[in-house]
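Colleague: Take this structure first; my questions come after.
The values are calculated or read from the model by the stated rules, or taken from the named source; none is laboratory data. Computed from a predicted model, the values in this text were never measured in an experiment. Neighbour counts are summed over all protein chains in view; Cβ atoms, including those assigned to glycine, are modelled from backbone coordinates with ideal geometry.
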Amino acid sequence: MNEVMPIPSEISNSRHGHGDYNVNTSRVLDAYGFTYTRSENYLLVGHLQQKHGWILYISVIWTQLSELLAVVLPILKDKNLSFQVARSTRAAILLANGSLGHHLLGKILSVYPVSDTSAREAGRLLREATYGFRGPVVPSSFRLGKILYARYESFDVPRFRPWETSVA
């Protein structure tokens, strides 16, 4: 089982157990040593190594975003998984409430395992790590845990640019 890493100061400010309400996702990724690129409203870590496969979606209410990152990022780093995450609190709010389209509803963090075996292992670890969180349902995906969903689909470059309107 993975140990939880200490929470970087960028996400350690909590308000009544709900975490920091204004999460600077790029600073959080920097604190964990991730390199990333920006895409509209996501920050992208890693590279897609396949043309199709499982995508694991993690949905969360925006007031729990900082705690979610503290729990999930060490797993993603340890397993060297590619992923994209909402680049700001505002983007997370819009994703969680469906304002950016039904097809993006709840897709706060998307993980791209390289194989079926990697998807099973990541799914198991993420399901255990995210048990106490809440989030909206991700439509058209299989529910694996309380806020964890999966879908098998093709990947393409526009997939990493899921909407045209950028938010701060």
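Results for (1) closer than 20 Å to I93 by Cβ; (2) modelled with pLDDT of 95 or more, shown as yes or no for each residue.
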{"site": "R127", "(1), (2)": "no, yes"}
{"site": "V138", "(1), (2)": "yes, yes"}
{"site": "R143", "(1), (2)": "no, yes"}
{"site": "I147", "(1), (2)": "yes, yes"}
{"site": "R151", "(1), (2)": "no, yes"}
{"site": "F155", "(1), (2)": "no, no"}
{"site": "P162", "(1), (2)": "yes, no"}
{"site": "T165", "(1), (2)": "yes, no"}
{"site": "A168", "(1), (2)": "yes, no"}
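Colleague: Condition check: at pLDDT 95 or above and under 11 Å from the mean Cα position of the chain (by Cα). Does I75 satisfy that?
Modeller: No: the conditions fail for I75.
Colleague: Of everything in the stretch 121-158, what is closer than 19 Å to L48 by Cβ and out of contact with any Leu (no Cβ under 8 Å at 6 or more places or on another chain)? Give them in sequence order.
Modeller: Those that are closer than 19 Å to L48 by Cβ and out of contact with any Leu (no Cβ under 8 Å at 6 or more places or on another chain): E121, S141, R151, Y152, E153, S154, D156, V157, P158.
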